[in-house]
Every structure is written in structure tokens, then in C-alpha cells.
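This report refers to the structure that appears directly beneath it.
Coordinate-derived values only; no laboratory data. If you're wondering where the values come from, they're calculated on a predicted model, not measured in any experiment. Note: ideal-geometry Cβ built from the backbone for every residue, glycine included; neighbour counts use all protein chains shown.
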Amino acid sequence: TIPMVIDTDTAQDDCIALLVGLLDPRADLRAITMVAGNVGFDQQIRNAFLTLNAAGHLGSVPVHLGCRRPLVRPWESAENVHGDGVGGMTMDMTGCDPDPEHAVDALIRLAAESPGELTIVCIGPLTNIATATIKDPSFVDNVKGLYVMGGSNNARGNITAAAEFNFYVDPEAAKAVFAAGFDITVIPWAPLTLERAVFGPSQLAEIEALDTPLSRFFTRVCATTLEFDRSVGINGTTHPDSLTAAVLLHPELITRAGHYHVDVETQGDLTRGYAAMSWGIHGLEPNATVVEDVDAEGFHRHIKTLLEQFRSSS
Ligand code: BDR
Ligand code: CA
């Protein structure tokens with residue numbers, strides 16, 4: 001199994017990424033760490049517990065609360081895209097207590113407990129990760145690697161023309177993380193997610209037809225984003241975060257990747273959060289592997305199997 005932490009701004013596809021971490025037999029999910037991002041921080045906490053509950057894992061994986069705003073900027077939400085991030089689902093939160101240890105301390109501790117073994121799946125802004133590198137200089141060496149959902153490798157953004165949301169919200173953190181010396185694998189928004197990690201009408205129908213508690217959970221948490229995605233011409237719901245968790249656990253899903261020097265723009269009015277991915281002719285040493293293509297069918301099958309499996313084991 002693969003020792004991992006998921007650092008998340010839990011809403012919609014973050015929930016599905018958590019399901020991957022909780023239910024894939026290859027995953028050894030040691031903690032969930034929360035970072036400010038998609039929707040209000042307290043809502044994100046509720047969403048994480050709702051997901052743990054849906055997966056039958058309440059109490060088995062700790063939820064640590066991390067940075068409630070970006071390093072230097074005010075927090076900006078994506079509530080226009082995600083709503084509350086779980087399609088209005090609620091549950092009794094009695095007993096759903098976050099771990100008292102701060103997420104940054106948990107990340108540092110977990111990495112130090114098994115040096116060179118822990119992978120962090122980063123599916124929100126990189127504020128917690130950047131803060132951990134500042135708090136403990138040995139953090140970078142203790143971590144095996146980061147799987148980072150963020151950026152676009154052709155500048156097609158989703159929050160501005162130039163930028164993808166996770167890097168846009170905390171560009172200073174993203175820049176610091178790429179400069180820190182981690183072994184980083186990037187799962188970009190475009191073109192990869194748009195081409196390979198969209199659940200379109202036929203896949204959504206297949207998931208609905210499963211009619212399991214988890215397939216219903218999937219349909220519900222994706223409902224608001226699906227509406228938004230359709231309104232902007234994307235024919236389905238986008239799943240970069242669950243793809244990020246899936247390719248860590250199933251590297252065979254990656255069909256093409258390249259080595260790039262990745263840096264993140266923090267200054268430009270039009271380009272804040274833009275991921276500059278230099279491909280080797282600019283004299284810059286590569287600092288990341290960027291996933292360029294994946295087996296989309298394999299990915300969709302993987303998610304479907306998880307949603308199904310739960311029924312047979314419950
Ligand atoms: C990222 O922001 C959110 O919409 C998703 O959860 C993903 O992590 C995509 O830009
Ligand atoms: Ca996310």
C-alpha cells in the first residue's frame with residue numbers, strides 16, 4: 001500500500017478523491033488535511049466528514065484543520081462553481097470532531113515518522129504545504145513526493161484566462177512549493193482534465209444505474225458543479241482531484257508525462273497564478289513531472305469500481 005495524506009479544500013471532486021484514498025485497496029490514507037479553497041472553510045470540514053461517513057470510515061482517518069486563508073492574500077471562494085460542494089447534503093455532525101493537531105504540524109509529523117515514504121496528494125491551494133516547508137526545513141526531504149492538482153500547461157485557466165483555481169488562490173504558496181525541492185508530479189487542469197477527466201452523460205448514467213449509496217453520493221456531490229460546467233460548455237462534471245489520487249495509486253493510468261520547470265506567476269494583473277511550464281529549451285532544470293495524458297477509460301472504470309465495490313462489501 002502507499003502511505004499518503006490528502007490535503008484538500010473539500011467540495012465536489014475533492015470528495016471523490018477522498019473516496020479514492022479511503023476505499024482503494026492500494027491506499028494507506030493516514031490523514032486528511034484541510035486548506036482554505038473551494039468553499040467556506042467550515043463547510044469544507046462538514047464535507048470531509050460527510051465523505052468519511054459515506055465511505056463508512058468515520059473515525060478511522062483523522063481530519064486536521066490547516067490554514068484558513070492564503071499566505072498573503074484574502075481568501076477567494078469558488079462557491080459560484082461548487083455551491084456548498086455536496087449538493088445540499090447534511091448530516092448530524094455529533095462526534096465529527098477534527099483532530100486538535102494543526103494540519104501543518106500533522107503533515108510535518110507524519111512525514112518525519114516515515115522519512116521518504118509519505119506522498120501528499122495536494123488537491124487545494126498549496127498554503128499548508130508551503131507553510132510546512134517554512135516551519136520545518138527537513139519537511140521537504142522527509143516527504144517522498146507531492147501529487148499536485150494545479151495549473152494548466154497551455155495557459156487555459158478556469159478562474160481567469162491564465163490561471164487554474166488552486167494556483168490562483170494562493171500563488172505565493174504555489175511558487176514557494178515549486179522552488180522548495182520536492183519531487184512533484186503535476187496533474188494540470190488543461191488540457192488534461194478537460195480531455196480525460198470529465199464524466200459525461202453516458203458515464204453519469206452508468207454511475208446512476210449502479211444505484212449504490214456511493215453512486216448516489218457521487219451524483220449528489222457533483223450536481224452543482226455539473227450545472228456550472230454545462231453552463232460554460234463542458235459536457236459533464238470535471239474530476240481533476242480524483243484523477244490525481246488515482247494516478248498516484250495506479251501509475252499505469254499515466255500514458256504520457258514530461259519533465260518541466262514549473263514556476264508560478266505572482267505579480268501580473270492578468271496572469272496571477274499562471275503556471276509557466278518550461279519544456280527544456282530555456283536553460284532551466286526540470287523540477288516537476290507533468291502528466292500529459294492518461295487512460296481515461298481506465299480512470300472512469302476505476303471510479304466506477306470503487307462506487308460499486310462498496311455495495312458488495314457493505
Ligand atoms: C481545482 O479547483 C477545484 O475546482 C477542484 O477541486 C480542483 O482542485 C480545479 O481548478
Ligand atoms: Ca480541490
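Please report, in debye to the nearest 20, how large the charge dipole of the stretch 6-45 is about its Cα centre when each Lys and Arg carries +1 at its beta carbon and each Asp and Glu carries -1 there.
Details: 2 positive and 7 negative charges, 26 e Å.
Dipole of the stretch 6-45, to the nearest 20 debye: 120 debye.
Ordering Y274, Y168 by the number of other Cβ atoms within 10 Å of each residue's own Cβ, fewest first, gives Y274, Y168. A simple count of charges around G151, restricted to other residues whose Cβ falls under 13 Å of its Cβ and scoring Lys, Arg +1 and Asp, Glu -1, yields -2.
Looking at the chain alone, DSSP beta bridges between its own residues are antiparallel in about 30 percent of cases. Under the rule a/c < 1.5 gives rounded, and otherwise a/b versus b/c splits prolate from oblate, where does the stretch 211-314 land using the Cα gyration tensor? It is oblate, given that a/c is not under 1.5 and a/b is not larger than b/c.
Rounded to the nearest 20 debye, the dipole magnitude of the stretch 1-159 is 340 debye, with +1 charges on Lys and Arg beta carbons, -1 on Asp and Glu beta carbons, and the Cα centre as origin. Highest mobility in the GNM of the chain, judged by mean-square fluctuation with C-alpha springs under 10 Å and restricted to D84, D105, D92, is found for D92. Note that the stretch 12-22 has calculated 3J(HN,Hα) couplings of 6, 5, 4, 4, 6, 4, 5, 4, 4, x, 7 Hz, one per residue in order, obtained from phi through the Karplus relation 6.51 cos²θ - 1.76 cosθ + 1.60 (θ = phi - 60°); glycine and proline are x. Extension gain for H282-V72 works out to 72.6 nm (0.36 nm per residue, less the C-alpha to C-alpha distance).
Summing +1 for each Lys or Arg and -1 for each Asp or Glu among the other residues whose beta-carbon sits under 13 angstrom from that of A31 gives -4.
Cut-off 10 angstrom, C-alpha nodes, Gaussian network model of the chain. Which of V20, V72, V121 fluctuates the most? Highest fluctuation among the options: V72.
With neighbour counts taken as other beta-carbon atoms within 10 Å, the residues K175, K135, K144 rank, fewest first, as K135, K144, K175.
Taking other C-beta atoms within 10 angstrom as a stand-in for reagent exposure, T1, T219, T238 fall in the order T1, T219, T238, fewest first.
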